[in-house]
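Data block below; observations after.
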Amino acid sequence: MPKTDYTPWYVLPQGKCQLSDFDTKPPAEGQASAKEFEEHLADMGEKLDKLQSTLHAAKTRGLLVVFQGMDTAGKDGVIRSVFTHVSPLGVRAEAFGVPTDLESRHDFLWRIHAKAPARGEMVIFNRSHYEDVLVTRVRGLIDEETCQQRYNHILHFESLLQDAGITVLKCYLHISKSEQKKRLQARLDDPRKHWKLQPSDFDDRDVWPEFTRAYEEALSATSTPESPWYVVPADSKPYRDSFVAGLIVQTLENMKLKTPKPTFDLSKVKLS
Ligand code: ADP
């Protein structure tokens, strides 16, 4: 079972994050049966549902959960598994692809800010502003100076959200290159999954070390106690889902949310 202490997977701010120091597989104590993971996920799902209702009612805080990872790391899968447990009211998922012509003529945070949560909302990002310091960097679309500037802009942006009551929780779904190979092969073998495949899924395997370095730097530069990055072991899907659900529950619990008091005297209500 995922532990409730997630600190071993927290990326130390301004540290030198090395992804090879983090296992892609569950730790020994995480080797539960699929059934146990399902039970844990259902348990966390129930808690998440209640916490999200309170978040929605209170409207004092918001939550942005960012998912990043190599292709096939499980961004779509984790969103489906974890958030099926919450009411669609007050929850929104946003995916970010290659910027449109209009988007690329704005600053890189323009399209991101427009989709950020309001207080009372929980928003999930499938890819995010981090693409602007990852794929852009690996593909040589930005230089080093621009990349450093963007880290600073990201820190300020997330701090702005924090000041507005929005917590940003960032999950890097960590898979091994061999697990990715299995997942790509499974997609090739299943015609129903062919639509998911892009040429870049295969090309990006050739620049795996470059992506790894870009992630290591971005995670180190932008993990803060208020907007932390966690490296989620993602080779096992049931473990990954339980881990993420537990982490979100803990983040919401730490907000100490309270349902608002009635705005009128309920004792005076007479039902006709
Ligand atoms: P996914 O691969 O997440 O299932 P898509 O097939 O729509 O989703 O791919 C999205 C693509 O958009 C990815 O290759 C990603 O790297 C790219 N992308 C996202 N944001 C940016 C960005 N800011 N600049 C360049 N490419 C981006």
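General remarks:
- In segment 174-228, the residues that are open to solvent by less than 30 Å² (accessible area, probe 1.4 Å), small (Gly, Ala, Ser) and more than 16 Å from the ligand (Cβ to nearest atom): 176, 220, 221, 223, 227
- Segment 151-167 residues that are within 14 Å of residue 108 (Cα to Cα), paired with ones that are open to solvent by 10 Å² or more (accessible area, probe 1.4 Å) and assigned to a helix (DSSP H, G or I) (beta carbon under 6 Å, 6 or more apart): 151/221
- Leading residue by the ranking (farthest from residue 186 (Cα to Cα)) among those in segment 59-72 that are in a strand (DSSP E or B) and in contact with a Phe, Trp or Tyr (Cβ under 8 Å, 6 or more places away or on another chain): 64
- Among the conditions (1) within 30 Å of residue 259 (Cβ to Cβ); (2) surrounded by 13 or more Cβ atoms within 10 Å (Cβ to Cβ), the only one that residue 13 does not satisfy is (1).
- Residue in segment 86-128 that is nearest to residue 149 (Cα to Cα), counting only those that are in contact with a Leu (Cβ under 7 Å, 6 or more places away or on another chain) and in contact (Cβ under 8 Å) with a residue 60 or more places away in the chain: 125
- The single condition among (1) in contact (Cβ under 8 Å) with a residue 60 or more places away in the chain; (2) within 16 Å of the ligand (Cβ to nearest atom) that residue 38 does not satisfy is (2).
- With a requirement of 2 or more residues that are within 16 Å of the ligand (Cβ to nearest atom) and surrounded by fewer than 16 Cβ atoms within 10 Å (Cβ to Cβ), the helices (runs of 4 or more DSSP H) lying completely within segment 73-144 that satisfy it span 75-83, 101-104, 110-113.
- All of (1) surrounded by 10 or more Cβ atoms within 10 Å (Cβ to Cβ); (2) under 25 Å from residue 158 (Cβ atoms); (3) away from the ligand (no atom under 16 Å from the Cβ) hold for residue 254 with one exception: (1).
- Taking (1) farther than 30 Å from residue 257 by Cβ; (2) touching a residue at least 24 places away in the same chain (Cβ under 8 Å) in turn, residue 56 satisfies each apart from (1).
- Whichever residue in segment 145-173 is β-branched (Val, Ile, Thr) and either in a helix (DSSP H, G or I) or modelled with pLDDT under 95 (or both) and, among such residues, is least open to solvent (accessible area, probe 1.4 Å): 154
- Looking across segment 18-57, the residues that are crowded, with 16+ Cβ neighbours inside 10 Å and among the small types (Gly, Ala, Ser) come down to 30, 32, 45, 53.
- Only listed residue being in contact with a His (Cβ under 9 Å, 6 or more places away or on another chain) and among the small types (Gly, Ala, Ser), chosen from 90, 165: 90
- Criterion: in contact with an Asp or Glu (Cβ under 7 Å, 6 or more places away or on another chain) and modelled with pLDDT of 95 or more - qualifying residue of 62, 74: 62
The values are calculated or read from the model by the stated rules, or taken from the named source; none is laboratory data. Keep in mind the model is a prediction, meaning the values are calculated, not measured. As a convention, Cβ positions derive from the backbone with ideal geometry for all residues, glycine included, and neighbour counts pool all protein chains shown. Please note that ligands, DNA and RNA were not included when accessible areas were found on the heavy atoms of the full protein model with its side chains. Shrake-Rupley method; radii C 1.70, N 1.55, O 1.52, S 1.80 Å.
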